[in-house]
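Chemist: I have a structure I would like to understand better, so I am pasting it below and will then ask my questions one at a time.
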Amino acid sequence: MGGVRDPYILAQFDSWLAQLDDNIKTRIRNTVGERAYEIVTRVCGRDGVMSALEPQRGSVGGHEAFILWHVISESQELSRTIATSLSHLAVHNPIPKWHGLISGVAFPYSPPEIDRGPVYEFHLNHVLVPDSPTALFRTEYEEV
């Protein structure tokens, strides 16, 4: 998990995250080979609840963002290896306005990787197709 306050990163946040994703895939392929893993990136402060269903997508609101990366693989050791690479690459993921190795992510813990143990997968056994992304949420407007 880490925080970003750099206005240059926030102005191009989606492309910065995509570049980081490409860099980590290349690093993992070159270091551990073609192994099965998943990295889930959650950006708090933007689409944190509804993700792709968010009707007001497109920008990071405010002057900072908090990113939480979940690394899931066949073993804790592989997940830690991937997370360690990810944290290093995130800190130094370049943008055109920078020169040299400038840190772009601040981590609240050192080391930034936290082992969480086994991950369980849950399945829903029913399907619901709403008329709109917000149809399942009761909304009441009250004039004050």
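The values are calculated or read from the model by the stated rules, or taken from the named source; none is laboratory data. The shown structure was predicted, so the numbers you read here are calculated from the model rather than taken from an experiment. Please note: Cβ atoms are built from the backbone with ideal geometry, for glycine as well, and neighbour counts cover all protein chains shown. Areas reflect the complete protein model, heavy atoms only, side chains present, ligands, DNA and RNA absent. Shrake-Rupley method; radii C 1.70, N 1.55, O 1.52, S 1.80 Å.
Chemist: Give the residues of the range 20-35 that are open to solvent by 70 Å² or more (accessible area, probe 1.4 Å) and not basic (K, R), sorted by residue number.
Modeler: Within the range 20-35, D22, N30, T31, E34 qualify.
Chemist: Going by the conditions given, is P111 surrounded by 10 or more Cβ atoms within 10 Å (Cβ to Cβ) and either in contact with a helix residue (DSSP H, G or I) (Cβ under 9 Å, 6 or more places away or on another chain) or among the small types (G, A, S) (or both)?
Modeler: Criteria met by P111.
Chemist: In the range 68-84, what residues are crowded, with 19+ Cβ neighbours inside 10 Å and among the hydrophobic types (A, V, I, L, M, F, W, C)?
Modeler: Result: W69, V71, I82, A83.
Chemist: Taking the conditions exactly as written (at pLDDT below 90, in a loop (DSSP other than H, G, I, E, B), more than 22 Å from Y109 (Cβ to Cβ) and within 12 Å of the chain's Cα centre (by Cα)), does D14 satisfy them or not?
Modeler: It is false that D14 is at pLDDT below 90, in a loop (DSSP other than H, G, I, E, B), more than 22 Å from Y109 (Cβ to Cβ) and within 12 Å of the chain's Cα centre (by Cα).
Chemist: Now, a different point. Looking only at the range 95-107, count every residue that is in a loop (DSSP other than H, G, I, E, B) and out of contact with any Phe, Trp or Tyr (no Cβ under 9 Å at 6 or more places or on another chain) and tell me the total.
Modeler: Going through the range 95-107 one residue at a time, the tally reaches 7.
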